[in-house]
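Note sheet for the following structure.
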Amino acid sequence: MSGAPSVAVVILNWNGRKFLEDFLPSVCRSTYENLQLYVADNASTDDSVAYVRENFPAVKIIQNTTNNGFAGGYNEALQHVQADIYVLLNQDVEVEPGWIEPVVALMRRDYHVAACQPKLRAYYNKPEFEYAGAAGGWMDILGYTFCRGRILYTTETDEGQYDDEQDIFWATGAALFIRSSCFHEVGGFDADFFAHMEEVDLCWRLKRAGYRICYCPESIVYHVGGGSLPQGNPRKVYLNFRNNLMMLWKNLHPHDRWIVLFQRFFLDVLAGVKSLVAGKPKDMKAIYKAYVDYLRWRRKYTGEKHPLPQKKLLGMTGVFHGIMIWRYYFLNRKTFRTLEKE
């Protein structure tokens, strides 16, 4: 490991005493030599910080003054971390001792790889892929995100079908390896996102800047998921819809922007109607509020301070040249491998 890049694992914590108790010990057993461990506390009101200080004295603590969500919280915390590679790790992730080495080896082979993710499996059902990242993030032509191994709410069992190292569109924020230089080059996370989709937006900006995003199947981590906002929570629905629209407006090539957003509007209206019919009026209200706040944001948005080279979505790796929800709901294509079949 002589000359190995320095790595800092940074766990953003918010009232996660129980998660830290359950999962921080596995992180401390990591075998990578040139390693620093941090807990970045996002203004918790429980005894998380005291617990870490007492039980894990080797773990450094960063205390954010306010809770600015995942995006703003990491932006603030990473100003205090010096390392070649950041590993942004959720508080509800269990790791294996040698989980860092394969990803670092992949990133060392090509310095155009700005970010990378391990294989993400479910903590409570370990043979199954986990929702938040599975075997690497993809996106379709209308901006709908999904993963190899997980499309919408359908997850697959890991049978080795995605054990190939691959370029992807986005890497999960649950266990995100990213070069510190690249993170700061593109301005870090967009703090306006607060939480959800911020890692997709970041990866898109990195790809527009000419970098690669990769998936490393030789590293496996286990994610609980829903630690802050569970699936079905109207707040989660709101953030996912609003942030997806913001991301599309920011990153789409000007020639594609209007046609994509026009189609998305009608599909999102259908999603709202579907929620109402399913007896979930709060979800419909969340979608409506997402559009109202997205339009407010768009009126004040002036573009990136340092515009990146424009590149059309279809020219990027990790993009499905079709409409995922059409194939999922109307053609019954529930897995990644069947999704691509004509």
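Only the coordinates and a few stated rules stand behind these numbers; no lab work does. Bear in mind the structure is a predicted one, so any value in this text is a computation, not a measurement. Every residue, glycine as well, gets a Cβ built from its backbone with ideal geometry; the counts of neighbours run over all protein chains shown.
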Legend entry - Highest-fluctuation residue, 158, 167, 47 considered, GNM on the chain with Cα pairs under 10 Å: 47
Inset, instruction - Evaluate the relative contact order of the chain (contact order divided by residue number), counting alpha-carbon pairs under 8 angstrom at least 6 apart; express in whole percent. - result: 19
Inset, instruction - Measure out, as a whole number of angstrom, how far apart the alpha-carbon centroids of the range 63-112 and the range 290-326 sit. - result: 25
Legend entry - Candidate lysines - alpha carbon under 22 Å from residue 60, same-chain residues fewer than 8 apart omitted: 18
Legend entry - Max mean-square fluctuation residue, GNM over the chain, Cα-Cα springs under 10 Å, options 187, 69, 315: 315
Legend entry - Exposure proxy order (Cβ contacts within 10 Å, fewest to most) of 216, 203: 216, 203
Inset, instruction - Compute the distance in nm between two label points, each set 7 Å from the Cα along the Cα-to-Cβ direction, one at residue 167 and one at residue 341. - result: 2.7
Legend entry - With Cα atoms, 0 to 90° folded angle of helix 254-277 axis to the chain main axis: 90
Inset, instruction - Compute the Kirkwood hydrodynamic radius of the chain, taking the inverse of the mean of 1/r over all pairs of distinct Cα atoms, and give it in Å to one decimal. - result: 20.5
Inset, instruction - May I ask for the Rg/Rh ratio of the range 255-342, computed from Cα atoms with Rh as the Kirkwood radius, given to two decimals? - result: 1.04
Inset, instruction - Enter the mean projected area of the convex hull around the alpha-carbon atoms of the range 156-213, in nm², rounded to one decimal. - result: 4.8
Inset, instruction - Rounded to whole Hz and in sequence order, give me ³J(HN,Hα) for the range 13-24 from the Karplus expression 6.51 cos²θ - 1.76 cosθ + 1.60, θ = phi - 60°, writing x for Gly and Pro. - result: 10, 9, 6, x, 3, 5, 5, 5, 4, 7, 10, 4
Inset, instruction - Report, in deg cm²/dmol and to the nearest 500, the calculated mean residue ellipticity at 222 nm for the chain, where each DSSP H run with n ≥ 4 adds -39500 (n - 2.57) and the sum is divided by the residue count. - result: -11500 deg cm²/dmol
